[in-house]
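First comes the structure, then the notes that go with it.
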Amino acid sequence: MSTKKLITVFGATGAQGGGLVRAILNDKNSEFSVRAVSRDVNSDKAKELAALGAELVQADLAHPESVKKAMEGAYGAYCVTFFWAHFSPEQEAAEARAMAEAAKAAGVKHVIWSTLEDTRKMVPLHDDRMPTLMEKYKVPHFDSKGESDQIFKDLGVPTTFLLTTFYWDNLIYFGMGPKKGPDGVYAITFPMGDAALSGIWAEDIGKCAYGIFKKGPSMIGKTVGIAGEHITVSDMAKELSKAMGEEVRYNKVTPAMFRSFGFPGAEDLGNMFQYYQEFADEFADARDIKIAKELNPELKSFSAWLKDNLSKIPLS
Ligand SMILES: NC(=O)c1ccc[n+]([C@@H]2O[C@H](COP(=O)([O-])OP(=O)(O)OC[C@H]3O[C@@H](n4cnc5c(N)ncnc54)[C@H](OP(=O)(O)O)[C@@H]3O)[C@@H](O)[C@H]2O)c1
């Protein structure tokens, strides 16, 4: 029987969880083994993780009993929620509760909760610089995560609170890559003004999480913020221009314009970018690149990420 400490990883077939699974299983001397959670253990993505050496377990955050089973016998757990699968902050909080309760019931020794700021601490609901959404949120997918920190605390779950940030992978998978304007010149569109955006390669989030598990109990109760680089969008555009060998401009829009784009989640993201922009210093201060690098010595800057990923960015 394996003497390795078992880590249950939610979202294992996705960006954050997948990064953690690969970080552990690519380290042949790791003290940890992996239980990868998927709603469909027969999917190609799940099978890829099994081929790397992960145990697969079927669970759905909407079914707390399955979440309990996924936690049984685990030393650690990586807990992440899936806002964009349902756009519901209440459901996201219920997902967090299901994982926290299951971790408590199973006596898990170290949980990492992937969280973000509750923006209402800085922008209360009565502050009309940005609209209140869904009656009680400013940035719903941030606020429900930040509010859910308390669930882990109240239940006494031994937790490290991992503050993540904007994935550079959004240029590939979230439609945020360069698009040609009417003048035929590429541009990236962000409502960030001249403020720096704290960004990270999604895979590096999992690698940092592995660093936290390796550090062990000393990390419990701590909030750890990570980023790969704090970089302005105009510098991102310059890096893209260099990498593509063709001009890429920064199409600087206002948060209000971004909110009006009309795609699902546009208002939430418009408020998010406004928060990133107006609290750029606080946001960056909460995300220490030095600490992220200590946890994950391979941490990538934006230009290093671009070098490896340029060919994956769809251009239109
Ligand atoms: N995009 C960004 O810039 C960014 C930045 C910071 C934080 N975030 C947050 O990251 C979270 C998503 O994490 P991610 O990007 O790692 O996810 P992802 O890449 O979208 O992957 C989601 C994975 O979650 C699993 N999943 C979805 N619904 C599930 C459910 N009901 N029960 C169990 N598993 C479920 C799916 O696995 P199966 O299909 O195998 O079940 C899927 O592979 C979101 O809450 C988002 O707000 C995003």
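The values are calculated or read from the model by the stated rules, or taken from the named source; none is laboratory data. Fair warning: this is a prediction, and the values are worked out from it, not measured in the lab. When we count neighbours, we look across all protein chains shown, and the Cβ atoms used for this are built from the backbone with ideal geometry, even at glycine. Heads up: the accessible areas ignore ligands, DNA and RNA and are worked out on the full protein's heavy atoms, side chains in. Shrake-Rupley method; radii C 1.70, N 1.55, O 1.52, S 1.80 Å.
What is the extension gain from Asn309 to Glu90, computed as 0.36 nm multiplied by their sequence separation minus the C-alpha to C-alpha distance, in nm to one decimal? Could the numbers behind the result be given before it?
Values: separation 219, 0.36 × 219 = 78.84 nm, distance 3.46 nm.
Length difference between fully extended and current span is 75.4 nm.
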Query raised in the report: Assuming R0 = 35 Å, what is the FRET efficiency of Asp44 and Leu125, from their Cβ-Cβ distance, to the nearest 0.05?
Result: 0.20
Report summary line: Plugging the Cβ-Cβ distance of Phe82 and Val185 into 1/(1 + (r/R0)^6) at R0 = 35 Å yields, to the nearest 0.05, a FRET efficiency of 0.45
Query raised in the report: Can you pull the accessible area of Arg249 for me, 1.4 Å probe, Å² to the nearest 10?
Result: 100 Å²
Query raised in the report: Over the heavy atoms of Asp281, what accessible area does a 1.4 Å probe trace out, to the nearest 10 Å²?
Result: 110 Å²
**Report entry** With at most 11 other Cβ atoms within 10 Å, longest stretch of the chain clear of loop GluC sites (Glu not before Pro) (DSSP)
**Finding:** 136-297
Query raised in the report: When the scattering of the chain is computed by the Debye formula from its Cα atoms alone, each counted once and equally, what is log10 I(q)/I(0) at q = 0.10 Å⁻¹?
Result: -0.56
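Kindly provide the trypsin sites (Lys or Arg not before Pro) of the stretch 64-151 that DSSP labels as loop, not H, G, I, E or B, and whose Cβ sees at most 12 other Cβ atoms within 10 Å.
In loop regions of the stretch 64-151 (DSSP not H, G, I, E or B), the sparsely surrounded trypsin sites (Lys or Arg not before Pro) are Arg129.
What FRET efficiency do you get for Lys242 and Ala105 if R0 is 41 Å and r is their Cβ-Cβ distance, rounded to the nearest 0.05?
Details: r = 52 Å, r/R0 = 1.27.
Plugging the Cβ-Cβ distance into 1/(1 + (r/R0)^6) gives 0.20.
So what's the back-of-envelope 222 nm ellipticity for the chain, counting only DSSP H runs of four-plus at -39500 (n - 2.57) apiece and dividing by all residues, rounded to 500?
So the helix-based figure for the chain works out to -12000 deg cm²/dmol.
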**Report entry** Neighbour cut-off at most 15 other Cβ (10 Å), DSSP loop, trypsin sites (Lys or Arg not before Pro), the stretch 259-296
**Finding:** none
Query - Percentage relative contact order, the chain, counting C-alpha pairs under 8 Å, at least six apart - result: 16 percent
